[in-house]
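Since the structure comes first, as structure tokens, the remarks are kept for the end.
The values are calculated or read from the model by the stated rules, or taken from the named source; none is laboratory data. Everything numeric here is computed off the predicted structure, so don't read it as measured data. Note: ideal-geometry Cβ built from the backbone for every residue, glycine included; neighbour counts use all protein chains shown.
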């Protein structure tokens, strides 16, 4: 397991290869549909994403004794952000995008150009993901976007995932998909 | 214990604890995967997640899904819609369930997860009069439900004809198309034949079966075994990132069809296969 610590510098991000298991410690910010739309429409975001991480996640967060506590924080499907992500990567300087299911070729190309990786979190593992959030630093757009879509700032320790798209233009999803399709064709043509 | 409390406990336990056979299958799969592989790491994380959720009685997946109850028809009065609705409301307040029920017209949330037709309740005939009456709950998340599919044979794009070879092509095609999305390793419930609606119903019911069993029909039992083997040879692996474990089980049933129709229906279930039965 490769340890990644904030700030996630370009050199260590570019050294990652599709298939590497990683553990992240530091700051990650959540952002999903409304966040991306707002950004694409020219909205201003006062969050420093330079050498940072963006998590496609709609967490369940509750307030206990004045402190935010994350109850569940699994990844959401990333393809919906395809139209916005290349520009976001170019403009924000983000180094890590965490989500589920992977993203398109244009995003992969932006990752190669600017030095960014896509990390697949373990889908459904909401309890483990939530447990790795040690503190909620704050939240932006809570009123505007609602709790599930707001931009939360999490301090995580040992947040696990797998590099699925690296900064060399390799997508593990693409590779596994084409291999499995080849195997599928062999199997169905062979079986009687 | 009042009936409402029994149903409430059933919801809590279903949401926070995987069935023993599913957890065992994930553990066995974890041991099979290569050392230091992403597949092994993912399965290990899933196992830790299950232990943590059970210990804290919190949802093991944030998508607490559609609640479907199968109630012995002898319990029709005791475990009626009012009782199940009240238990569901309480379970939501206690945080066993996410606010997960949206009005399809205005997009607003039913904050107690109770609405017309929600939860889903089926009253079923018991197999024998001597058995104790039970209630079974299955919770199926949206990510997995989105991956369920229905094929109509013949299917020219797949080159699938109206025979068992064609059926197999459809089932394996569904596995290939699901990669990366429905959180693998998953379980397939399949119905061969029937009409469109019963196809989905019977396919989903197969997900209630224990992973260790096999169909009583020898032809279907053989299919379950060979399709599981073939699916796991595709190399898709946990979360679609490669590995030996794409499916934990395949459960198939068949129903008669009319001459004009030949449906193959696949209910995909993610690894968070939450189902549980209690005697009332």
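Of note:
- Top-ranked residue of the range B:41-82 - restricted to ones that are touching a residue at least 60 places away in the same chain (Cβ under 8 Å) and within 14 Å of another protein chain (Cβ to nearest Cβ), ranked as surrounded by the fewest Cβ atoms within 10 Å (Cβ to Cβ): B:65
- Residue count for the range B:191-211 under the criterion of being over 22 Å from residue B:20 (Cα atoms) and touching a strand residue (DSSP E or B) at 6+ places or on another chain (Cβ under 7 Å): the result is 9.
- Tally, over the range B:113-149, of residues that are surrounded by 12 or more Cβ atoms within 10 Å (Cβ to Cβ) and either more than 23 Å from the chain's Cα centre (by Cα) or part of a strand (DSSP E or B) (or both): 15
- Condition check for residue B:188: more than 14 Å from chain A (Cβ to nearest Cβ), crowded, with 24+ Cβ neighbours inside 10 Å and out of contact with any helix residue (DSSP H, G or I) (no Cβ under 6 Å at 6 or more places or on another chain): yes
- Scanning the range B:175-185 for residues that are touching a residue at least 40 places away in the same chain (Cβ under 8 Å) and surrounded by fewer than 23 Cβ atoms within 10 Å (Cβ to Cβ), we see that the one that is nearest to residue A:79 (Cα to Cα) is B:181.
- Hits in the range B:83-96 (condition: in contact with a strand residue (DSSP E or B) (Cβ under 8 Å, 6 or more places away or on another chain) and crowded, with 18+ Cβ neighbours inside 10 Å): B:84, B:88
- Residue tally, condition at pLDDT 95 or above and at positive phi, over the range B:56-104: 0
- Among residues of the range B:113-155, those that are over 19 Å from residue B:61 (Cβ atoms), within 14 Å of another protein chain (Cβ to nearest Cβ) and out of contact with any strand residue (DSSP E or B) (no Cβ under 7 Å at 6 or more places or on another chain), counted: 1
- Matching option when the condition is closer than 16 Å to residue A:163 by Cβ and not in a strand (DSSP E or B), among A:28, A:13, A:24, A:45: A:13
- Residue B:164 vs. criteria at the interface with another protein chain (Cβ under 10 Å from one of its Cβ atoms) and either touching a strand residue (DSSP E or B) at 6+ places or on another chain (Cβ under 7 Å) or more than 24 Å from residue B:70 (Cβ to Cβ) (or both): yes
- With respect to being in contact with a helix residue (DSSP H, G or I) (Cβ under 7 Å, 6 or more places away or on another chain), within 12 Å of chain B (Cβ to nearest Cβ) and at pLDDT 95 or above, residue A:110 falls outside the description.
- Exclusive hit being away from chain A (no Cβ under 14 Å) and either free of Cβ contacts under 8 Å to residues at least 12 places away in the same chain or assigned to a helix (DSSP H, G or I) (or both), set B:15, B:85: B:85
- When the range B:18-31 is limited to residues that are more than 11 Å from chain A (Cβ to nearest Cβ) and farther than 21 Å from residue B:179 by Cβ, the one that is surrounded by the fewest Cβ atoms within 10 Å (Cβ to Cβ) turns out to be B:31.
- Residue count for the range B:243-280, restricted to those that are part of a loop (DSSP other than H, G, I, E, B) and modelled with pLDDT of 95 or more: 15
- Considering only residues in the range A:123-135 that are more than 22 Å from residue B:37 (Cβ to Cβ) and under 17 Å from the mean Cα position of the chain (by Cα), the one that is surrounded by the most Cβ atoms within 10 Å (Cβ to Cβ) turns out to be A:126.
- The range A:82-162 holds helices (runs of 4 or more DSSP H) entirely within its bounds, and those carrying 2 or more residues that are more than 17 Å from residue A:13 (Cα to Cα) and free of Cβ contacts under 8 Å to residues at least 12 places away in the same chain map to A:142-145.
- Checking residue B:34 against (1) under 21 Å from residue B:145 (Cβ atoms); (2) surrounded by fewer than 16 Cβ atoms within 10 Å (Cβ to Cβ), the condition it does not meet: (1)
- With respect to the conditions (1) within 14 Å of chain A (Cβ to nearest Cβ); (2) out of contact with any helix residue (DSSP H, G or I) (no Cβ under 9 Å at 6 or more places or on another chain); (3) assigned to a helix (DSSP H, G or I), residue B:95 falls short on a single one, namely (3).
- Residue A:22 being in contact (Cβ under 8 Å) with a residue 40 or more places away in the chain, within 14 Å of chain B (Cβ to nearest Cβ) and in contact with a strand residue (DSSP E or B) (Cβ under 6 Å, 6 or more places away or on another chain): yes
So that you can scan it fast, the table gives a plain yes or no per residue for (1) surrounded by fewer than 24 Cβ atoms within 10 Å (Cβ to Cβ); (2) touching a strand residue (DSSP E or B) at 6+ places or on another chain (Cβ under 7 Å); (3) at positive phi:
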| residue | (1), (2), (3) |
| --- | --- |
| A:100 | no, yes, no |
| A:121 | no, yes, no |
| A:137 | yes, yes, no |
| A:148 | yes, no, no |
| A:162 | no, yes, no |
| A:175 | yes, no, no |
| A:182 | yes, no, no |
| A:185 | yes, no, no |
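- One residue from B:236, B:227 being in a helix (DSSP H, G or I), touching a helix residue (DSSP H, G or I) at 6+ places or on another chain (Cβ under 9 Å) and within 14 Å of chain A (Cβ to nearest Cβ): B:227
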